[in-house]
Amino acid sequence: MSQKYGRTYHLPQSPGLSKDDRRMPHQDLLAAAGEVVATEKMDGENTTIHASGTHPRSPDARYHPSRDWMKAFAAGIAPQLAPNERIIGEYLFARHSIPYRGLPSYFLGFAWSCDGVFQGWDETLARFAELGIEPVPVLFRGVFGSQTVGAIVSGMDFEQQEGFVLRDAAAFPEAEMSVRMGKYVRAGHVQSEVHWTKGPLAKNTCAS
């Protein structure tokens, strides 16, 4: 099922908001959640795997040689997916603004959707394990409070990390992304005037 992944709004505290971005209208539902999870926002290409194959965030994106690895990887995953399932993650083969060395995989999953509902984080990890998909790193898990964002930020190295995504740990409809999931992006994240698809292909490295 080809479907464009929705827009992740910036947390109110995020310094990396650009003119094309949007900010969460409030954090009420994060504060009311029984538990939230913060995962590292990896500097790659948002990519979806579905029963018929794979595509970048935009299903009609043009061919790029860096995506050949992803197509081969997805070929082993797609036959195991039902028509109503989508696996979404960060594809890290091509270097963007942050270089990565020793990645556990070039594809790191961060969401599992069934019938338009993002599944709970524990269920998502279990599904990833069944499919042989590595998840993005978890930076925090617990109850959301007024000091949560600051505590996560204090433990990060923004020379090496882009930011993080904070989400409700329970399942929620994709239509509620703007109020149940938000991102924090470092200030001045994009440091090159040339988009990564327009310049020479530079690879990150993978441990496997």
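The values are calculated or read from the model by the stated rules, or taken from the named source; none is laboratory data. These numbers were taken from a predicted model, which means no experiment stands behind them. Backbone-built Cβ (ideal geometry, glycine too); neighbour counts: all protein chains shown. Note: accessible area is taken over every heavy atom of the protein model, side chains too, but ligands, DNA and RNA are not part of it. Shrake-Rupley method; radii C 1.70, N 1.55, O 1.52, S 1.80 Å.
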Query raised in the report: Could you give the nm distance between label points at Glu35 and Ala51, where each point is 7 Å from its Cα heading toward the beta carbon?
Result: 3.0 nm
Query raised in the report: Which ³J(HN,Hα) values, rounded to whole Hz and listed in residue order, are derived for segment 35-51 from phi using the Karplus coefficients 6.51, -1.76 and 1.60 in 6.51 cos²θ - 1.76 cosθ + 1.60 with θ = phi - 60°, glycine and proline given as x?
Result: 7, 10, 10, 10, 10, 5, 8, 7, 8, x, 10, 4, 9, 10, 10, 9, 4
Report task. Go ahead and run the numbers for FRET between His64 and Phe158, Cβ-Cβ distance against an R0 of 45 Å, rounding to 0.05. Result -> 0.95
Query raised in the report: Using a probe of 1.4 angstrom, how much of the accessible area of the chain is carbon and sulfur, in percent?
Result: 51 percent
Query - CD proxy at 222 nm, helix term only [per DSSP H run n ≥ 4: -39500 (n - 2.57); per residue of the chain; nearest 500] - result: -4500 deg cm²/dmol
Requested in this report: Could you run the Karplus curve 6.51 cos²θ - 1.76 cosθ + 1.60 with θ = phi - 60° over segment 171-184 and give me ³J(HN,Hα) per residue in whole Hz, x for Gly and Pro?
Outcome: 5, 7, x, 4, 5, 9, 3, 5, 10, 10, 8, x, 10, 10
Query raised in the report: Using a Gaussian network for the chain with springs between C-alpha atoms less than 10 Å apart, which of these wobbles most: Glu134, Glu159, Glu35?
Result: Glu159
Query - Total formal charge among the other residues, if their Cβ is under 9 angstrom from that of Ser178, Lys/Arg +1 and Asp/Glu -1 - result: +2
Requested in this report: Among the trypsin sites (Lys or Arg not before Pro) in segment 54-131, which ones are in a DSSP loop with at most 16 other Cβ atoms within 10 Å of the Cβ? Mind listing them?
Outcome: Arg57, Arg62, Arg101
Report summary line: Rounded to whole angstrom, the alpha-carbon centroid of segment 31-99 lies from that of segment 123-165 at a distance of 17 Å
Query raised in the report: Under a point-charge model restricted to the Cβ atoms of Lys and Arg (+1) and Asp and Glu (-1), what is the dipole moment magnitude of the chain relative to its Cα centre, in debye to the nearest 20?
Result: 540 debye
Requested in this report: Quick one: accessible surface of His64, probe radius 1.4 Å, all protein chains present, in square angstrom to the nearest 10.
Outcome: 20 Å²
Requested in this report: Please build a GNM for the chain, connecting alpha carbons under 10 Å apart, and tell me which residue among Pro25, Pro12, Pro135 fluctuates the most.
Outcome: Pro25
Query - Matching label, volume of the Cα convex hull per residue in Å³ computed from the structure shown, candidates (i) 99; (ii) 119; (iii) 134 - result: (ii)
Report summary line: Listed residues Ala169, Ala51, Ala72; largest mean-square fluctuation, Gaussian network over the chain with Cα springs below 10 Å, found at Ala72
Report task. Identify all lysines with a Cα-Cα distance to Lys183 below 19 Å; exclude those on the same chain that are fewer than 8 residues away in sequence. Result -> Lys4, Lys19, Lys41
Query raised in the report: So how strong a dipole does segment 30-110 carry about its Cα centre when Lys and Arg Cβ are +1 and Asp and Glu Cβ are -1, to the nearest 20 debye?
Result: 240 debye
Report summary line: With 0.36 nm assigned to each residue of separation and the Cα-Cα distance removed, Ala129 to Ser97 gains 8.6 nm
Report task. Roll a 1.4 Å probe over the protein chains and send me the accessible area per residue for segment 74-208 in Å². Result -> 46 Å²
Query - Sum of side-chain charges, Ser66 neighbourhood, beta-carbon under 11 Å (Lys, Arg +1; Asp, Glu -1) - result: +2
